[in-house]
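Structure, as C-alpha cells:
Please treat every number below as a calculation from the coordinates, not as lab data. This one's a predicted model, so the numbers in the text were calculated from it and none came from an experiment. Note that we place each Cβ from the backbone using ideal geometry, even for glycine, and neighbour counts take in every protein chain shown.
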Amino acid sequence: MARSTNTDLRKQLIYSVFVRDFSASGDFRGLENDLKRIKDLGTDTIWLMPVYPIGKVDRKGSLGSPYAIKDYLDIDINYGTKQSFHELVDKIHENNMKVMIDIVFNHTSRDSVLLSEHPDWFLRDNEGTLKNKNEEWTDVAELDYGNLELWDYQIKVLKHYAEFVDGFRCDVAPQVPIDFWMKARSEVTKVNPKMMWLAESTDGEYVRSLRDRGFWSSSDGELYNAFDMTYDYEIDHLWRSYVKGEIDDSTYVAKLNEQTVIYPDNAIKMRGIENHDQSRAHDIIPNNNDLVNWTAFYGFQRGSMLIYNGQEIGAKHTPSLFEREPIEWADIQIDLSDLIKKSHELMQDDIQVDGAYKVVSQGHGIVSVDYQLDDRKRIGVFTLRSNHGIAKVDVTDGIYKNLLDGKEINISNGIIDVKGLPIIIDIG
C-alpha cells in the first residue's frame, strides 16, 4: 500500500468516460468539447475507459468490448491517434483535472500483439488450449503471471503511461497477483511518485469461487498493499438487496461501519451507485426523490466519489459495451449536476476526510451519517425509500442550515423531522 496513501484522495470526484458513447462523434474531440462542463461538476479526475485498439477474433457485438485489447501501446483509430490522445490529456490538464486510464492486465483480445508474439504468456489447459477463469469472457485470452518476462513487459507499459497520465484504474485487479502490483507500484513510483492507483476489487463470493478452483484472487485487504483505492463491491450485493426491499437498512449499515475497522486507517473506498458494468442508478431507483437521496448519501460517504458519464442527467439506459449507443444528453431525466457539485464541495472539508465516521440506521428507510473532528460535527440524514419520519441526533436543539440547499432545519428534543429531502448540517 499504500502506506503512503494520502487520505486527501477522499476528496476526489472521479468522472468515468466511455469515449465511444460520450459524444455524437464518439472520439477524443467530442470529449474535449465538453471538458468545461465536466470540470464544473467538481470533477478532479477523468477516468478514461480503455482507449486501445479492440480485437476482432471472437469479438462480441459489432464493435467489441473495450476490455478486449489488441495492443496496450496503441490507440483505437475510431477515437483518434496517439497524438490526439496526448492532446486530450493536455486539454484535461489545462482544465485543472487529472487523467486516469484503464489498465487491463488480466487478459488481452484473442488476436492481441502479445498472444501473437508471446503465446507462452497465456493461461492454457493440459492440451494447450487457451483457458479462461470466467467462461463468459469468450472474447479474451487470460495472461499467466507465472511468466516473469510478462511482469517486465507490463511494467514497461505502465512506466510509459506514467510519464504523462496521473492514475491507473486496474481492471479485475484481484485476478493479477498482488506481488506483481506491489512491484509495479514500486517501479512506477520512480517515474511518477504521485500516481493514483485504483483497483477494481470484487465481492467475496467471486474471490472464493476463484480460490476454490485454484486461481489467485486477492481480497480488498490484500489489494491495499499496492493500491490507494478499491471499489466497494464487497458490499454492493447488500446495497442492491436493500434497494430491492429484500433486506432492511441495518444489515447494509453494519457493513458500511465494518469497513472502517477491517481495512487500513488510510484506506480509500471509491463510492458509486453506477458504472459501466452495472445498470444505471435511475433504472434501478426510478423514484426521483430516492435517487436524489442516494446520490447525496453516496457523496457523503467516506471515500472518493464516482460519477459515470450520463449519471448527472439521470440517464436510465445502460450503454452496451459491444455497440455504439451515444448518450442522449438532451434527454435530461433529472438534473443532478448541482447536487453532485455541492457534494464535492462538502468533500473538501477535512471533517469528511479524517473525522471519526459512523453510519446509523434510523429505521423506516432513514439513515444518518455522523462525522466528528475535534469539537466539530457534521451530520447527514437521508431518506432512502421515500419515507417521511424522524431522525434522532446528538445535537443541541436549535435552528441549523441545510448545507445542501440553504434551508433552515429545526432540531427539537434531539429530533429532526425528515420530509423527504437529504439534510446535511454542521455543528460547532
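Working out 0.36 nm times the residue gap between residue 324 and residue 258, then minus their Cα-Cα distance, what length gain in nm do you get to one decimal?
That pair, residue 324 and residue 258, stretches by 19.7 nm at full extension.
With +1 on the Cβ of every Lys and Arg and -1 on the Cβ of every Asp and Glu, and nothing else charged, how large is the dipole of region 2-348 about its Cα centre, in debye rounded to the nearest 20?
620
Filter the GluC sites (Glu not before Pro) in region 245-348 down to the DSSP loop ones having no more than 11 other Cβ atoms within 10 Å, then list what survives.
246
If you add up the charges near residue 99, with Lys and Arg at +1 and Asp and Glu at -1, over every other residue whose beta carbon is less than 14 angstrom from its beta carbon, what do you get?
Once all neighbours under 14 Å are counted, the net charge is -3.
Calculate the spin-label point distance for residue 394 paired with residue 4, positioning each point 7 Å from the Cα along the beta-carbon direction, and give it in nanometres.
3.8
Can you give the charge dipole size of region 363-427 about its Cα centre, rounded to the nearest 20 debye, using +1 on the beta carbon of Lys and Arg and -1 on the beta carbon of Asp and Glu?
Dipole magnitude for region 363-427 comes out near 240 debye.
Holding the Cα-Cα limit at 25 Å, pick out from 36/377; 244/401; 98/401; 11/401 the pairs that are longer than that.
Among 36/377; 244/401; 98/401; 11/401, the Cα-Cα distance tops 25 Å for 36/377; 244/401; 98/401.
Give the Rg (one decimal place) followed by the Dmax (whole number) of region 1-119, computed from C-alpha coordinates and expressed in Å.
Computed over the Cα atoms of region 1-119, radius of gyration and Dmax are 15.8, 46 Å.
Need one number: % antiparallel among DSSP beta bridges in the chain, to the nearest 5.
55
Show the residues, 5+ positions off or on another chain, whose built amide H is closer than 5 Å to the amide H of residue 310.
Long-range HN contacts for residue 310: none found.
Under a 5 Å amide H to amide H cut-off, with H placed in plane at 1.01 Å, what residues pair with residue 303 once short-range neighbours are removed?
Sorted by chain and number, the residues that satisfy this come to none at all.
For residue 125 and residue 81, what is the calculated FRET efficiency with R₀ set at 56 Å and r taken between the beta-carbons, to the nearest 0.05?
Working from the Cβ atoms, E equals 0.90.
Taking the Cα-to-Cβ direction at residue 134 and at residue 93 and moving 7 Å from each Cα, how far apart do the two end points lie in nm?
The answer from the label model is 3.3 nm.
So if each residue of separation counts as 0.36 nm, and I subtract the Cα-Cα distance between residue 354 and residue 147, what length gain in nm does that give?
70.4 nm
Per residue, what volume in Å³ does the convex hull of the Cα atoms of region 43-93 enclose?
87
For Rg and Dmax of the Cα atoms in Å, which listed value, (1) 22.0, 74; (2) 23.9, 86; (3) 22.2, 70, comes from the coordinates shown?
Checked against the structure: label (1).
Per DSSP H run of n ≥ 4, the term is -39500 (n - 2.57); total these for the chain, divide by its residue number, and report the mean residue ellipticity at 222 nm rounded to 500 deg cm²/dmol.
Mean residue ellipticity at 222 nm (helix-derived): -8000 deg cm²/dmol.
Which of the trypsin sites (Lys or Arg not before Pro) found in region 178-264 are loop residues per DSSP with 13 or fewer other Cβ atoms within 10 Å of their Cβ?
190, 194, 213, 244
Along region 320-326, what does the Karplus equation 6.51 cos²θ - 1.76 cosθ + 1.60 (θ = phi - 60°) give for ³J(HN,Hα), rounded to whole Hz, x for Gly and Pro?
5, 7, 10, 10, 9, 9, x
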